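Some notes on the structure that comes next.
No lab work stands behind these numbers, since they all come straight from the coordinates. Given the structure is predicted, the values throughout are model-derived calculations rather than measurements. Please note: Cβ atoms are built from the backbone with ideal geometry, for glycine as well, and neighbour counts cover all protein chains shown.
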Amino acid sequence: MKLILLGAPGAGKGTQAKLIANHFGIPHISTGDIFRTNIKNGTELGIKAKEYMDKGALVPDELTVDLVLDTLSSPECSGGYVLDGFPRTINQAEALDAALAKKGDAIDSVIDIEVDDEAIIERMSGRRVCPACGASFHVVNIPPAKEGICDACGAQLIIRKDDEPETVKARLATYHKQTQPLIGYYTERGKNVRIDGMQDMESVFDQIKEKLAK
Ligand code: AP5
Ligand code: MG
């Protein structure tokens with residue numbers, strides 16, 4: 001099963017990708033997480049990516065495409081994967097399609113999680129993430145059992161740097177301009193599966209399972 005999760009920043013891609021990965025036993029590949037790990041480790045890629053991420057802009061395709069294609073060619077991905085946050089431009093989608101086609105392969109479905117801009121802003125302002133294990137919470141919608149502490153590993157939760165209000169606005173604008181056109185791209189190819197992301201986490205996941213079963 002080869003899946004893509006599409007949706008605005010804060011639509012719940014990471015939340016649903018983790019559920020999908022667990023349920024189907026496939027790896028979860030998040031380009032955002034890969035970049036954040038590189039930033040934390042101070043790598044050359046991390047230093048370059050940070051410059052764009054802090055502004056709410058996309059990291060250039062030259063730094064993104066090969067990184068993902070390399071990851072997908074690893075043995076762990078041979079049984080499928082769920083891509084979270086890639087592709088994000090038509091150029092990235094075309095590069096992915098071409099690389100898969102070379103191997104006689106293709107993406108199975110693109111799960112497009114639709115959430116209003118207003119709800120997006122509310123979700124990102126309340127998001128808390130675990131710097132140790134990557135788990136994600138929301139102070140109201142998906143609170144941890146103990147305030148400020150990760151349920152999974154007990155580390156202190158933090159606010160993501162790009163969740164500052166001004167950066168969120170920039171990320172949303174970037175999404176509408178550069179990523180939203182992918183909905184048309186995958187609809188034309190019969191791959192787009194629309195999901196109502198305005199419901200709670202479990203209901204969104206139920207919709208995804210139901211639509212994938214078809
Ligand atoms: P990335 O890390 O992918 O960020 P994003 O797309 O902006 O999305 P988020 O991770 O903010 O949100 P999400 O959709 O995962 O939502 P979540 O599940 O956390 O990318 C970061 C940056 O890296 C980009 O801005 C870009 O610069 C760069 N980058 C990454 N990939 C790139 C690429 N391919 N090309 C170029 N640049 C790239 O949920 C959000 C909140 O809502 C949480 O608090 C959660 O608990 C809560 N929540 C989730 N579901 C629900 C629900 N159903 N109801 C209520 N609350 C919910
Ligand atoms: Mg995410």
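Taking the Cα-to-Cβ direction at GLU166 and at HIS23 and moving 7 Å from each Cα, how far apart do the two end points lie in nm?
Each label point lies 7 Å from its Cα, and together they span 4.0 nm.
Along the Cα→Cβ direction, 7 angstrom out, place labels at MET1 and LYS214. What is the inter-label distance in nm?
1.6 nm
For a label point 7 angstrom out from the Cα of ILE47 toward its Cβ, which stretches of segment 57-79 have the backbone nitrogen within less than 20 Å?
From segment 57-79, the list is 59-64, 67.
Placing +1 at every Lys and Arg Cβ and -1 at every Asp and Glu Cβ, with all other atoms neutral, what dipole size does the chain have around its Cα centre, in debye to the nearest 20?
240 debye
Rounded, prolate or oblate: which fits the chain when a ≥ b ≥ c are the square roots of the eigenvalues of the alpha-carbon gyration tensor, with rounded for a/c under 1.5 and prolate only if a/b beats b/c?
Cα axes put the chain in the rounded bin.
Could you let me know the centre-to-centre spacing of segment 70-107 and segment 189-214, using Cα atoms, in angstrom?
If you average the Cα positions of each part, the centres end up 21 Å apart.
Amide H neighbours of LYS2 under 5 Å, at least 5 residues apart or on other chains, H built in the peptide plane: list them.
Residues meeting the amide H criterion: TYR81, ASP108, SER109.
Provide the FRET efficiency to the nearest 0.05 for the ALA152-THR187 pair, computing r from the beta carbons and using R0 = 41 Å.
About 0.70, to the nearest 0.05.
Over segment 1-157, how many pairs of lysines fall under 20 Å by alpha carbon, counting only those 8 or more apart in sequence or from different chains?
On the way: LYS2/LYS13; LYS2/LYS18; LYS2/LYS102; LYS2/LYS103; LYS40/LYS48; LYS40/LYS50; LYS40/LYS55.
Qualifying lysine pairs in segment 1-157: 7.
How much length would be gained if the chain were fully extended between ALA98 and ALA145, taking 0.36 nm per residue of separation minus their Cα-Cα distance, in nm to one decimal? Let's see the in-between values first.
On the way: separation 47, 0.36 × 47 = 16.92 nm, distance 4.48 nm.
The ALA98-ALA145 span can extend by a further 12.4 nm.
Once you keep just the Cα pairs under 8 angstrom separated by 6 or more residues, what percentage relative contact order results for the chain? Before the final figure, lay out each step's value.
Numbers: 308 pairs, mean separation 62.7, N = 214.
Reported as a whole number, the value is 29 percent.
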